[in-house]
Amino acid sequence: MLKLLQSISEANAILLEENEIDTALNNVVAVLGAATEVDRCYIFTNRIVEGEIRLFYTHEWCKEGVEPQLGFPDISNVSYDIIPDLYETLSQDKFMYGLVRASENQFFKEAMEAQSILTYLFAPIFCKNIFWGWIGFDNCTTEEVWEIEEVNALYAVARNIGLRLARNAAEQARMKEMERFDLSVKGSQQGLWEWDIQNNKLDYSAIFMNMIGYEHFEFEHTYENWRNRLHPEDLNRVEETLHQYLNKSIPKFNVEFRLLHKKGYYKWIKGSGVAKWNEQNQAVYMVGSHLDIHELKQQQEYLELQKDNFDRLLNSLGEAVFRLDQENRITFMNNFWKDITGFEPGEAILKPIDYCFVAEDSARIQELIHSLKNTQGLSNSAEVRLLNKKGEWRWVELTMREHRTTTETDYFIAGSIIDIHDKKLAADKEKELAELKAGFVSLTSHQFRTPLTVIFSNMEVIELSAAKQNTTLSDTIRNSAKMIKEQIDRMTHLMDNILLVGRYDAKQLLYNLRPQNLSDLIHSVVNTYYLNQPDGRKLVVFEEISNRKVALDEMLFMHVLTNIISNAFKYSSGSQNPELYLIQKEAAAEIIIKDYGIGIPEDELDKVFKSFYRASNTITYQGSGLGLSVARQFMELMKGSIHLESKLGEGTTVTLRLPYIEEEPSTQIK
């Protein structure tokens, strides 16, 4: 028994001192096996496989001459069913021992005898109240009976094995927790520190040291060294916060500060920590962390700078800029609001957008918002009257645009208010003057037209009377009458053009765009007006045939075309025939009228489209200077264009361009 107790003491020492658990268990079974003088000492471990507890033969000691069974597949990963009642007994924390031949369990007896086992002892091993396995002792050569003292002693060893297993599990769990903690610290890039306040000893982690550019051995681990590295502007604030925390004036120690880096620049750090106090409420120990927030601070400073720049830009605009929430209440207004109304921007917050407008315009504003919400992505505007602090109103342009997001809480309407009071009054005045001008031009034209008609009629009467009385007198009067009639025609044509210009300027010119085939219209104009010229020349027409149509007003286009063709004949007298080309482009038709006449000076090409301007080389030619001006206005009304090319002494080319239509509009426009 003494030998057994010595071996048990040795086994317990092994369990306490050996770090590796498998090595410890192997040494324990060897010591106990030798001391008990059995043939085999072993450990079976329980493992759950597919929901069933199964036996695994994991540790073994054999007497010399006994064949080891460790590694045999037949005795690992086996069910408890092979030895009936074994699990039921051991799992109740009860040991089993005795002579095999004396066992009343026939299945157990047969199983043991099959292995030539004469006596046995099984002691259960529990780890944290869980049936972990059991240690066994077999004797195959003698039937030595186990004493109860021996059984209890070995059962105690089994209990100690369970305690060692529990300790090992706890150490593994602690190591795993430490590993997780270490990974989390490394992942968070937080530098840890410990401060023994009573002894003024500080210890900083490697991450903390690296944060400010030092190796562990390069840095003096004292509070004074840390304090000296604080930015002068942060020192008092940080120490005051620390002092308040250590005196329990504030519940937490969290502070941001700048710390001097090894390279000489300051780095932004976020520090936090927790302290331990003694019974006298004196702080004796503190641990904490430093987090590098330098880049974050730089980004914040950049964003603040951008915000300041944006605010300055927004407030320097010459218009009021606002933002509305879902309920059409003002949530932002820039500083120009005060310039335009006299109210502070803050006075407008959470008020409806129409609160500062003339009551008669409120419905118009609400209609604008309603229309905006039904036209996603577009902006709407209206001219309304804004009241200022004095109760006076001014015309403004109110513009709003809707901004939709995935969440209703982020929905808003942005807009602007622009003062257009002076501009609108000027526009109204200009419109009034244009209407007066148009009325005056119309009246004047009619007043000229009546006496001209009378003069023309009386000249014809004079011609007839002279022809009846005297042939010589008749010839003289006829020549004079011809010159007078030509001047009357010229004056009438001038009055017609002036009247058209006046109506155009006053936006009173009526025109009707209809689908037309250019080829038919051009041939009609040529055949009507340009077949028999006095000098015997004719207009040569070249055309590309197409069924595509353009939208034009027939009378306006004929006015343009006849003016251009007449100019081609007038300013090319004595030259070859003028030419007209009808060319079908991809998106538009082009009518090109080309003459070989006197041309236009290059520096005057842009000026000839101005009203009453005549080129310097046309003084000897009759004309009013209105033809090209009217032609450009009419082409623009028909969504077309006119282009002029000329070379002095060689001729002029005028290009009229009209876009094709896909559908046939027929709309009268004023």
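Observations on the structure shown:
- Tail weight of P(r) past 15 Å, computed on alpha-carbon pairs of segment 246-344, percent: 76 percent
- The long axis of helix 148-188 is offset from the longest Cα principal axis of the chain by roughly 20 degrees.
- Against the rule of thumb 2.2 N^0.38 Å, how large the Cα Rg of segment 524-670 comes out: 1.06
- Convex hull volume per residue for segment 1-75, taking Cα atoms only, in Å³: 107 Å³
- Rolling a 1.4 angstrom probe over the protein heavy atoms with all chains in place gives the chain an accessible area of 58 Å² per residue.
- Volume in Å³ per residue [convex hull over Cα atoms, computed for segment 266-422]: 214 Å³
- Given their separation in residues at 0.36 nm each and the Cα-Cα distance between them, residue 85 and residue 512 gain 142.6 nm when the chain is fully extended.
- Summed side-chain charge close to residue 265 - residues other than residue 265 whose Cβ falls under 15 Å, Lys, Arg +1, Asp, Glu -1: +1
- Low-density loop positions, chymotrypsin sites (Phe, Trp or Tyr not before Pro), segment 566-620 - DSSP coil, at most 13 other Cβ in 10 Å: 612
- Per DSSP, loop GluC sites (Glu not before Pro) in segment 264-343 with at most 10 further Cβ within 10 Å: 279, 327
- Cα pair distances in segment 169-317, grouped into 10 Å bins until the bin that holds the longest one, percent each: 10, 32, 31, 17, 7, 3, 0, 0
- For segment 555-627, the Kirkwood estimate of hydrodynamic radius, built from reciprocal distances between every pair of different alpha carbons, is 13.6 Å.
- With every protein chain in place, the chain: carbon and sulfur % of accessible area (1.4 Å): 51 percent
- Scalar couplings 3J(HN,Hα) for segment 594-603, obtained by applying the Karplus form with A = 6.51, B = -1.76, C = 1.60 to θ = phi - 60°, are 10, 10, 10, x, 6, x, 10, x, 4, 6 Hz; x denotes Gly and Pro.
- In the set (i) 214; (ii) 168; (iii) 419, the label that goes with volume of the Cα convex hull per residue in Å³ computed for this structure is (iii).
- For segment 34-115, Kirkwood radius (reciprocal of mean inverse C-alpha pair distance, Å): 14.2 Å
- Here the chain carries DSSP beta bridges of which approximately 95% are antiparallel, counting only pairs with both residues inside.
- The GluC sites (Glu not before Pro) of segment 26-73 that meet both conditions, a loop assignment by DSSP and at most 14 other Cβ atoms within 10 Å of the site Cβ, are 37, 50, 64.
- On Cα atoms only, tilt of 627-637 relative to the major axis of the chain in degrees: 40 degrees
- Look at the dipole of segment 25-67 built from charges on Cβ: of 61, 34, 45, the Cα furthest out on the positive end belongs to 45.
- Over the chain, relative contact order from alpha-carbon pairs under 8 Å, at least 6 apart, %: 6 percent
- Rounded to 10°, Cα long-axis angle of helix 518-529 versus longest principal axis of the chain: 10 degrees
The values are calculated or read from the model by the stated rules, or taken from the named source; none is laboratory data. Just so it is clear, the model here is predicted, and its values are computed rather than measured. Ideal geometry is used to build each Cβ from the backbone, glycine not excepted, and the neighbour counts take in all protein chains shown. Note: areas computed on protein heavy atoms with side chains; ligands, DNA, RNA excluded. Shrake-Rupley method; radii C 1.70, N 1.55, O 1.52, S 1.80 Å.
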